[in-house]
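*Asks:* Below: one structure in C-alpha cells.
The values are calculated or read from the model by the stated rules, or taken from the named source; none is laboratory data. Keep in mind the model is a prediction, meaning the values are calculated, not measured. Every residue, glycine as well, gets a Cβ built from its backbone with ideal geometry; the counts of neighbours run over all protein chains shown. Accessible surface areas use protein heavy atoms only, side chains included; no ligands, DNA or RNA. Shrake-Rupley method; radii C 1.70, N 1.55, O 1.52, S 1.80 Å.
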Number of protein chains: 2
Amino acid sequence: MSVRARIILGAVISLALANAHGAESTSGPVLISARDATQSGAQAQQYLLFQQELDRARKEVEAAIQAGIQVPTPKDPGGGDTHEQHKRNYKSIYQAGLLYRITGEQQYSDWVRSLLLAYADLCPKLGPHPAAANQTAGRLFWQSLNDSVWLVHAAQGYDAVRDALSAQDRGRIDRQVFRVMAKFLSDDSPQVFNRIHNHATWANAAVGMTGYVLRDTELVDKALLGLDKTGKAGFLKQLDVLFSPDGYYAEGPYYQRYALLPFVIFAQAIQNNQPERKIFEYRDGIVLEAIRTTIQLTYDGYFFPINDAMPDKSLRTDELYQAVATAYQVTGDTALLSIAQWQGRVVLAPEGFAVARDIAAGKAQPFPFASRLLRDGPRGDQGALAILRTPSQTLVMKNTAQGMGHGHFDKLNWLLYDNGNSIVTDYGSARFLNIQAKQGGRYLRENDSWAKQTIAHNTLVVNERSHFNGDLKTAEKNAPEQLFFAGGGATQLSTAEISSAYPGVTFRRTIAQLTISGYESPLVVDVLRATSATPAQFDLPLHYSGHLINLAVPHKSNVAARPVLGRANGYQHLWVDAVGAPSSDKNFVTWLNDGRFYTYRVVPPSGAQMIFAESGANDPNFNLRREPVLIQRVTNAANVTFVSLLEPHGRHDGANETTVGSQSGVRALRYTRTADADVVQIELADGRNTILTIADAVDGDATHSVNIAGRPRSWQGHFGRFDQ
Amino acid sequence: MSVRARIILGAVISLALANAHGAESTSGPVLISARDATQSGAQAQQYLLFQQELDRARKEVEAAIQAGIQVPTPKDPGGGDTHEQHKRNYKSIYQAGLLYRITGEQQYSDWVRSLLLAYADLCPKLGPHPAAANQTAGRLFWQSLNDSVWLVHAAQGYDAVRDALSAQDRGRIDRQVFRVMAKFLSDDSPQVFNRIHNHATWANAAVGMTGYVLRDTELVDKALLGLDKTGKAGFLKQLDVLFSPDGYYAEGPYYQRYALLPFVIFAQAIQNNQPERKIFEYRDGIVLEAIRTTIQLTYDGYFFPINDAMPDKSLRTDELYQAVATAYQVTGDTALLSIAQWQGRVVLAPEGFAVARDIAAGKAQPFPFASRLLRDGPRGDQGALAILRTPSQTLVMKNTAQGMGHGHFDKLNWLLYDNGNSIVTDYGSARFLNIQAKQGGRYLRENDSWAKQTIAHNTLVVNERSHFNGDLKTAEKNAPEQLFFAGGGATQLSTAEISSAYPGVTFRRTIAQLTISGYESPLVVDVLRATSATPAQFDLPLHYSGHLINLAVPHKSNVAARPVLGRANGYQHLWVDAVGAPSSDKNFVTWLNDGRFYTYRVVPPSGAQMIFAESGANDPNFNLRREPVLIQRVTNAANVTFVSLLEPHGRHDGANETTVGSQSGVRALRYTRTADADVVQIELADGRNTILTIADAVDGDATHSVNIAGRPRSWQGHFGRFDQ
C-alpha cells in the first residue's frame, strides 16, 4: 500500500473511530471502543484464535482472583517476588478490564476495582524503591521504566471499567493511583520524561494515556510535547528522533521491539481521542513504518541480537501482538496476518478480533521479507543496517550508529543465518533477564567487559582495543558511512567504511552474497581492507556456531594448559585453544551445524596467524556462555586486507545416517589488488570459476577494468561478477 | 495382548501368509506377498501416509535412474564417495523392487536388473576392501557389516523382480551377485557368521534371505543354525542369547535399534516361507517383545544414549518403521499406530500399508510408556536397566551388564530427562558417523580415552580408575545386582549394588523419584554408599545440561589458567573451572535449562570437595563436545555415602519476560544412618517435610523402624516414605 493510500485510509478510519466514540456516553471508555469490544465478545466463538485469547485471559484472571489481592510493599529487584507480583497485577488489571468490556461480566470490573483500591492505599505512601540500583529509581519497581509500563497497562484496564465504578471509588482511584503515578513519572521525573529515549517514550505514553482516561488535557499535552509543552521533548519529538526515515530504531531490534509498544498503544489512543492529529500519518507514517521494519529485523521470527539483546526474543511477544493488530486495523495489509499466524496469538481487543476473523477468512498473505537497507539516524545519514536475504540465507551488516547506552562497539560487524540457524553469531548481551541470582536480572559486569567489546563481535580490532576505545560519547558522535548497497539478484553486496573507530585507521568492508548454481545457499565473500598511519596489530574475529570437523590450517593446540588471549577489552575472557598458521592452500576450517557443513576459507595475509579461542576465561561466576571464535591476526603492519569466503555445503543426516558433500566444493580462493579495485576469484572443484571485482569507486557510472589470468574484464559501477 | 493371544493370532496369520504364497507362481517373490503388494498400490491414494512413501520412493528412484548406473570399485571408508554410492545403490535396488511389485511398472524392474548386472560384473572380482581398518574387512565396504546390510536390502529388491527377468539374467545375478556375496558372508567369514553379535545377525539374515530367494535350503539352514548347522550359532541362537527375557538387547538401545532390523526382517521371511517354525512365538515371542522394549527405551522419541550411541537417534529410523509395521501385522496392537504417527513414516510394503490404513481409520491408541525393569542377560540375571517414569520426567538407571565391545564402564550410572530435555546426561560415543574428516566416520580415539571411561558418566570412580580398570574381559564377567525395583506411585525407587567394579570396594546405590504436591516434576533422591577395604579417593560426577545460575557452594575459580584434572582414564580430558567446599547449608548449585531451574543439593561428607569441570582438555583435534560436570570428591576414606537431591523448579519465560520459582523450594537436606537403614529428610521452605527411609534389607516382609526427631517411624519392606 502506498503512503498516499495509507493516509486516505487513515482518514477514513479516524472518522469511523470518532463516530464510534460519539456513540458512547461521556463517562465511557476512551482507549477502547465499547461497541466493538461487545461485538468481539459476542462473536468470539467463531474465531478460534480470539476465543483462545479470551479463554487464556479468563483463566489467568480467575486464577488471580482465586489467589486474592496481593499488593505488597515494594522490596525486590527484577525477578524478585514483589517485582513479579506487581507485574502480574498490572497484567491482571489490564486483562480484567478488557474482559469486562468484552464479556460484560461484573466479576471482572469488581476485580479491577479491588486491585486499584489496594493500590490507592499503597501508592501515595511510596518513596524511591529500596532496591534501586544505578538506574532511575521507580516507586513500585526498582527502575521507573517498570512503573511506566505498569501505568500504561493499568490505565487501559481502568479505562475499561471506570464508568462501572461509584463516583467515590472513581475519585479515590483517580487521585490516589493515577494522578500520583502520573505526577511521579512526569513532573517529578523530568530527567526521564524529557529525555529522548525509550524510557521516556514509556513515560510519555503512560502519562498521556492517563490524561485521556482522566480527561486531563494538561497531562496529554505534556506527554505529547514535553513538560514545558514546547515540543522539544515528548512523544512527537520521540517520533521525530528515535526512528530513522526507514523506521529503524536507534538502539537496535531488541529495544525497537520493546520501544514499539508505547509508540503503538499511545498512537492508537491519540487516534481514538484526537483524530485531528492524524498521528498515523505523522512523519510520513513513521509509526506504521516502524512496525513493518521491526518485522524485517528478524530471521525465522527471531530478532537479530545486535547490541544489548536477549537472543531468545522473537515476534512472539506482547509488543508485537499489539503492533500487528494495530497496523492491520490502520492499513488492512493482509501480509500482517501471516505474522499473526506465526505468532499464534492476537491481542485481546477489537483490533485483535479483526485479525483472528480475517485469518479465519483465509486472507493471510506472506510477509514480504526482503533485502533491505535501513538507514540509521533521524535524517538517515548515520550509517545503516544492511540486510541481504535469499530464501535460505540472511546476512546482516551492522553499519549503524552507536545507538546510545545499549549499543555495542562493533562497527562494520556482520551476522549470518543459514538453513534455519545462526551461523556467524552475535553474543547479544550478558544478562539473565529477571533471574535474581544473576545480579537481580540486571546487565552483568561481563556485559561491559565482554559483550560490548569489539573482540566479542565479527569485525576489526586494532591493537587489542575496542572501537572508540570503548568510549560511548565518542562513539555516539561518529557513525560509519554506508557507501553502497545492492539487494536482489545473484550478487547482493554491501560496502561500508569508517575512519573514526581508531585514530589514524580507516577500514572498509565489502560483504557479498554470491548465488552459485549447484549450491543450496549462497557463498559469502568478505573483503576487509584497513590502513593505519602507524604499524599496528589487526585482529579479525569470526564467532561461529558449530562443531569443528576439519581444521586444515596447520596449528599447535594448547592441550594441557590454555592461556588467556589478553588482559583487557574482552581479550581477558578468551581461552586460546590453538594457534595456526594458514598457508595459501591449507587455509580453511570446516564446522558442522544442524546437518550442514560450513567451510571458512581465507587468503592469508603475509605472516598471518589464526587463533582458535573460546569465551569463558576470567569468569568466576559462570556468567558467560562458552562459544568458539577464530581470529585472523596480522601484527606490525600498516595495511592489511582480510579476504574470507564462507561456504555452506553438504548435508549430514543423523537419523538416516547419510552424508553428502562434507568436503568443501572450493578448490582455491585467490585475491588480487589492482590500482583501484579488489579482485576475488573462487575456483570450484568442478572447474568453474567465479570472479567478484570491487572497485574503490562506489558510484554507478564509471567503467573499470582489470586483467585476470591474461584476460581483460571490465564492468560498470562499484562491482562486477564474472562466472566461467 | 497376552502372550497366549499373540500366539493364536500368530498362527492364524501364518496360515494366511502360507495361503497367500500358495497362490503365487513358484518363481514369484518369497519375501513379499505379490497380491498384497498389488492391493497396496491400488489403494495407496486413499492413505496419505502410504502415498507419501510411494511418492518419496518414486522420486528417489527416478533421481537415481536419471543419475545413471554408478557401481564404483570400492575405495573409500565410511562417509566416502564409493561407500555412500554403494549405500545409495542397495537402497535403490530395495526401493525399485518394492515399487515394481506395488505399481507393476517395468521401469523399476529394469532398473533393478541393470544395477544388479553391474554388480554381477563387479562382485566376483572383489578382494578385501582397501580401506579396511581394525574391523573385519568387507568387499563392497570397509567393514563386512555393511556388506551384510547391502545384501539384506538387495535380496529384497531382487526377490521382488526376479520372476520378471530372463532366465539368463536371473542365472547371472544369482551366481555372480547373490551366491558370491552369500558365500563371502558365510563360509568365507566364519569369524563373523558364527559369532553371537549384531554383525553376525546381519550376516545370518543376509545369507538366510538370500537362501529363500535362491530356493537354497542349505543357505537357510546355515543362517538359522550356524555354519555347522548344529544350532550352536546362527539366527536362533542369537535370539536365545542376545536378548534378555524382557527383550533388552545386550549392547544397549542404540545397537538394539540397529540390530532389530535383521531380526525383524528375517523373522518375517521365515514366517513367510517356513510358517511351521512359528518364529514369532519362538522363546515366548521374543522378537515382538524386543520391538516393544526398543520403543520403551526412548524419551520423547529419542533413544537413551547409553554405551556407544549417537545421541541424535530417534524412533524416526528405517529399522523402526519396519519393526512397527511387522509387529502391527503380527499382533494388531493399535498402540503401535501412535508410534507410527510420531514417526510420520511407514514402510513401503503391505505391512506399512496396513499401518497407514488403520491410522487413517482412527485406530491409533497411546503407546503404554511406563516404569519398567528390563532385566539384562540371556537368563535375566545380569543386572537390569531400571526405568522410572512420570508424565514429566524419566529416570534411567544403568545397572546392566557390560554389553560387549560397545559397552561403557559405568555401572550404576543414571540419566534424567525432565520437561522435554536431557538434564543429567550421557555423552554417548565420541564419533562423527559418516563424516570422513573425523577419522572416516569411525569411533574416535576419544571414544576410548573419554566416552567409555567411568568419569565421563554419573557414577562412582575410585582412585581415578575406571570400573574393572577399563578391562573389557573382566567387565564382561561381572554384572551388578539389581536388588529392588518399585515402579509406580508417588515414590518410585531402584536399588542396585556391585562389588566387582573395584577390588575390595562394594557400592550400593538407591535412586528414588518422589512426587510432591506443588511440584510439576518429582524430586530425585540419590544415595550412594561405598565401602573400601583400604582408604581411597571417591569421585561422584554429575554431568548436567544447562547454564549455572547460582553456585552457592563456596569455591575458588581458576579464572586465568585452568588446570587439567588428572592424567589418565578420562581425567586428562577435564579442565577444572573451580573447586568448592560445600558446607551443610551452602550445599547446592542451580542451573537453568530451557526455562526450568534445577537445583542439585548434597549432604557433603566430611572434607568433601566439589569440583566444577568441563570436557575438552587434551583434545588437539576438537573431537569432544565441551560439556560441564560437577564432581563430589572425598579423599583418603574407607567409607563414604554421597546423598544428593535434584529438584526441578520454577519457570523462566524469555518470550514473556516472566520468572517464577527461580529459587529452590528446599530449605534443608538431611541424612542419617541408623544401624540398618538410610534416612533422608527433605525440609521444604513452606515447612513441609518429606522423609525417605531405605532399609539395607531388600525383601518385602521385614518391618523396620527408626527414630526421626524424637518420633518413631516404622515401615515394612525396603523403603518407607513419611510426609508431614
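*Asks:* Can you name the number of the only condition in (1) over 30 Å from B:Leu374 (Cα atoms); (2) out of contact with any Phe, Trp or Tyr (no Cβ under 6 Å at 6 or more places or on another chain) that B:Lys237 fails?
*Replies:* Condition (1) is where B:Lys237 drops out.
Yes/no matrix, rows are residues, columns are (1) within 14 Å of chain B (Cβ to nearest Cβ); (2) surrounded by fewer than 24 Cβ atoms within 10 Å (Cβ to Cβ); (3) more than 16 Å from the chain's Cα centre (by Cα):
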position: A:Tyr248; (1), (2), (3): no, no, no
position: A:Phe266; (1), (2), (3): no, no, yes
position: A:Ala269; (1), (2), (3): no, no, yes
position: A:Ile279; (1), (2), (3): no, no, yes
position: A:Tyr282; (1), (2), (3): no, yes, yes
position: A:Ala290; (1), (2), (3): no, no, no
position: A:Gln296; (1), (2), (3): no, yes, no
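*Asks:* Need pairs with beta-carbon distance below 6 Å; first residue more than 7 Å from chain A (Cβ to nearest Cβ) and within the range B:557-571, second of a type in the set (Gly, Ala, Ser) and crowded, with 16+ Cβ neighbours inside 10 Å; sequence gap 6+ or separate chains.
*Replies:* Note: pairs meeting the criteria are B:Leu565/B:Ala613; B:Asn569/B:Ser466; B:Gly570/B:Ala456.
*Asks:* For the structure I just gave you, tell me whether A:Ile611 is out of contact with any Phe, Trp or Tyr (no Cβ under 6 Å at 6 or more places or on another chain), buried (at least 21 other Cβ atoms within 10 Å of the Cβ), part of a strand (DSSP E or B) and more than 9 Å from chain B (Cβ to nearest Cβ). Walk me through how you get there before you give the answer.
*Replies:* Working: out of contact with any Phe, Trp or Tyr (no Cβ under 6 Å at 6 or more places or on another chain): yes; buried (at least 21 other Cβ atoms within 10 Å of the Cβ): no; part of a strand (DSSP E or B): yes; more than 9 Å from chain B (Cβ to nearest Cβ): yes.
So A:Ile611 fails the test.
*Asks:* Checking B:Gly301 against (1) away from chain A (no Cβ under 14 Å); (2) touching a residue at least 24 places away in the same chain (Cβ under 8 Å): exactly one of these is not met. Which one?
*Replies:* (1)
*Asks:* Can you list the helices (runs of 4 or more DSSP H) lying wholly within the range A:212-317 that have 3 or more residues being modelled with pLDDT under 95 and touching a helix residue (DSSP H, G or I) at 6+ places or on another chain (Cβ under 7 Å)? Spell out how you get there, then give the answer.
*Replies:* On the way: elements: A:217-225, A:235-241, A:253-273, A:282-296.
Counting at least 3 such residues, we get A:253-273.
Residues checked against (1) within 14 Å of chain A (Cβ to nearest Cβ); (2) open to solvent by less than 30 Å² (accessible area, probe 1.4 Å); (3) not in a loop (DSSP other than H, G, I, E, B):
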{"residue": "B:Gly79", "(1), (2), (3)": "yes, yes, no"}
{"residue": "B:Lys87", "(1), (2), (3)": "yes, no, yes"}
{"residue": "B:Tyr90", "(1), (2), (3)": "yes, no, yes"}
{"residue": "B:Leu99", "(1), (2), (3)": "no, yes, yes"}
{"residue": "B:Tyr108", "(1), (2), (3)": "no, yes, yes"}
{"residue": "B:Ser114", "(1), (2), (3)": "no, no, yes"}
{"residue": "B:His129", "(1), (2), (3)": "no, yes, no"}
{"residue": "B:Ala133", "(1), (2), (3)": "no, no, no"}
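*Asks:* Can you name the strands (runs of 3 or more DSSP E) wholly within the range A:629-724 that have at least 3 residues being more than 14 Å from chain B (Cβ to nearest Cβ) and closer than 18 Å to A:Pro605 by Cβ? Walk me through how you get there before you give the answer.
*Replies:* Working: elements: A:651-653, A:658-660, A:666-673, A:677-684, A:689-695, A:703-708, A:711-716, A:719-723.
Per the criteria, A:666-673, A:677-684.
*Asks:* Looking at (1) in contact with a strand residue (DSSP E or B) (Cβ under 9 Å, 6 or more places away or on another chain); (2) assigned to a helix (DSSP H, G or I), which is the one condition that is false for A:Leu49?
*Replies:* So A:Leu49 meets the others, but not (1).
*Asks:* Here's a follow-up. Here is a list: A:Thr641, A:Thr635, A:Thr599. Which entry is assigned by TED's automatic domain parsing to the domain that holds A:Asn419, under 20 Å from A:Ser392 (Cβ atoms) and β-branched (Val, Ile, Thr)? Quick ask: steps written out before the conclusion?
*Replies:* Working: A:Thr641 fails: under 20 Å from A:Ser392 (Cβ atoms); A:Thr635 fails: under 20 Å from A:Ser392 (Cβ atoms).
Within the list A:Thr641, A:Thr635, A:Thr599, the selection yields A:Thr599.
*Asks:* Now for a different question. Scanning for something within 11 Å of chain A (Cβ to nearest Cβ) and either open to solvent by less than 10 Å² (accessible area, probe 1.4 Å) or in contact with a strand residue (DSSP E or B) (Cβ under 6 Å, 6 or more places away or on another chain) (or both), does the range B:536-546 turn up at least one residue? Let's see the steps before the verdict.
*Replies:* Taking the range B:536-546 and keeping what is within 11 Å of chain A (Cβ to nearest Cβ), we get B:546.
Filter once more, keeping what is either open to solvent by less than 10 Å² (accessible area, probe 1.4 Å) or in contact with a strand residue (DSSP E or B) (Cβ under 6 Å, 6 or more places away or on another chain) (or both): B:546.
Yes, because at least one residue in the range B:536-546 is within 11 Å of chain A (Cβ to nearest Cβ) and either open to solvent by less than 10 Å² (accessible area, probe 1.4 Å) or in contact with a strand residue (DSSP E or B) (Cβ under 6 Å, 6 or more places away or on another chain) (or both).
*Asks:* Another question, if that's okay. Given the criterion within 14 Å of another protein chain (Cβ to nearest Cβ), touching a helix residue (DSSP H, G or I) at 6+ places or on another chain (Cβ under 9 Å) and not β-branched (Val, Ile, Thr), identify the matching residue among B:Tyr321, B:Tyr328. Give the steps one after another, and end with the answer.
*Replies:* Values: B:Tyr328 fails: within 14 Å of another protein chain (Cβ to nearest Cβ).
Answer to the selection: B:Tyr321.
*Asks:* For the range A:55-74, state whether one or more residues are within 14 Å of another protein chain (Cβ to nearest Cβ) and assigned to a loop (DSSP other than H, G, I, E, B).
*Replies:* Yes, the range A:55-74 contains at least one residue that is within 14 Å of another protein chain (Cβ to nearest Cβ) and assigned to a loop (DSSP other than H, G, I, E, B).
*Asks:* A further question follows. In the range B:422-518, which strands (runs of 3 or more DSSP E) lie fully inside it and hold 2 or more residues that are among the small types (Gly, Ala, Ser) and buried (at least 23 other Cβ atoms within 10 Å of the Cβ)?
*Replies:* Details: elements: B:481-486, B:491-502, B:505-514.
Of the strands (runs of 3 or more DSSP E) lying wholly inside the range B:422-518, those with at least 2 residues that are among the small types (Gly, Ala, Ser) and buried (at least 23 other Cβ atoms within 10 Å of the Cβ) span B:491-502.
*Asks:* Also, quick follow-up: Within the range A:419-461, which residues are more than 30 Å from A:Asn593 (Cα to Cα) and modelled with pLDDT of 95 or more?
*Replies:* A:Arg445
*Asks:* Select from the range B:583-592 the residues that are open to solvent by less than 20 Å² (accessible area, probe 1.4 Å) and either more than 10 Å from every other protein chain (Cβ to nearest Cβ) or without any contact (Cβ under 8 Å) to a residue 60 or more places away in the chain (or both) and list them in ascending order. Talk me through it step by step, then tell me what you get.
*Replies:* Taking the range B:583-592 as the starting set, the residues that turn out to be open to solvent by less than 20 Å² (accessible area, probe 1.4 Å) are B:587, B:589-591.
Result: B:Asn587, B:Val589, B:Trp591.
Residue-wise test of (1) closer than 23 Å to A:Met209 by Cα; (2) touching a His at 6+ places or on another chain (Cβ under 9 Å).
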site: A:Gln66; (1), (2): no, no
site: A:Pro72; (1), (2): no, yes
site: A:Gly78; (1), (2): no, no
site: A:Ser92; (1), (2): yes, no
site: A:Ile102; (1), (2): yes, no
site: A:Val112; (1), (2): yes, no
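*Asks:* If B:Tyr255 satisfies all but one of (1) without any contact (Cβ under 8 Å) to a residue 60 or more places away in the chain; (2) within 14 Å of chain A (Cβ to nearest Cβ); (3) not basic (Lys, Arg), what's the number of the condition it fails?
*Replies:* Condition not satisfied by B:Tyr255: (1).
*Asks:* Is it true that A:Asp163 is acidic (Asp, Glu) and either over 22 Å from A:Asp381 (Cα atoms) or assigned to a helix (DSSP H, G or I) (or both)? So that I can check it myself, show each step before the final result.
*Replies:* On the way: acidic (Asp, Glu): yes; either over 22 Å from A:Asp381 (Cα atoms) or assigned to a helix (DSSP H, G or I) (or both): yes.
Answer is yes for this residue.
*Asks:* A further question on this structure: For the range A:188-206, check the following and say yes or no: at least one residue is free of Cβ contacts under 8 Å to residues at least 24 places away in the same chain, under 19 Å from A:Tyr94 (Cα atoms) and open to solvent by 30 Å² or more (accessible area, probe 1.4 Å).
*Replies:* Pass one, the range A:188-206, residues free of Cβ contacts under 8 Å to residues at least 24 places away in the same chain: A:188.
Next, only the ones that are under 19 Å from A:Tyr94 (Cα atoms) stay: none.
No: zero hits.
*Asks:* So B:Phe622 passes all but one of these: (1) open to solvent by less than 30 Å² (accessible area, probe 1.4 Å); (2) in a strand (DSSP E or B). Which condition number does it fail?
*Replies:* (2)
*Asks:* Follow-up question, since we're still on this one. Which of the residues belonging to the range A:187-223 are over 22 Å from A:Tyr255 (Cβ atoms) and in contact with a Phe, Trp or Tyr (Cβ under 7 Å, 6 or more places away or on another chain)?
*Replies:* A:Thr210, A:Val213, A:Leu214, A:Val220
*Asks:* Can we say A:Tyr255 is of a type in the set (Ser, Thr, Tyr), within 20 Å of A:Gly407 (Cβ to Cβ) and open to solvent by 10 Å² or more (accessible area, probe 1.4 Å)?
*Replies:* On the way: of a type in the set (Ser, Thr, Tyr): yes; within 20 Å of A:Gly407 (Cβ to Cβ): yes; open to solvent by 10 Å² or more (accessible area, probe 1.4 Å): yes.
Taking the combined requirement at face value, the residue satisfies it.
For (1) out of contact with any His (no Cβ under 7 Å at 6 or more places or on another chain); (2) closer than 26 Å to A:Leu551 by Cβ; (3) open to solvent by less than 10 Å² (accessible area, probe 1.4 Å), each residue gets a yes or a no:
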{"residue": "A:Gln632", "(1), (2), (3)": "yes, yes, yes"}
{"residue": "A:Val643", "(1), (2), (3)": "yes, yes, yes"}
{"residue": "A:Gly650", "(1), (2), (3)": "yes, yes, no"}
{"residue": "A:Asp653", "(1), (2), (3)": "yes, yes, no"}
{"residue": "A:Ala668", "(1), (2), (3)": "yes, yes, no"}
{"residue": "A:Ala675", "(1), (2), (3)": "yes, no, no"}
{"residue": "A:Ala685", "(1), (2), (3)": "yes, yes, no"}
{"residue": "A:His704", "(1), (2), (3)": "yes, no, no"}
{"residue": "A:Gly710", "(1), (2), (3)": "yes, no, no"}
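*Asks:* I've got another one for you. Those residues that are polar (S, T, N, Q) and assigned to a loop (DSSP other than H, G, I, E, B), I need them from the range B:398-421; list them, please. If you could, list the steps in order and put the result at the bottom.
*Replies:* Step one: list which residues in the range B:398-421 are polar (S, T, N, Q), which gives B:399-400, B:402, B:413, B:419, B:421.
Correct list: B:Gln402, B:Asn419.
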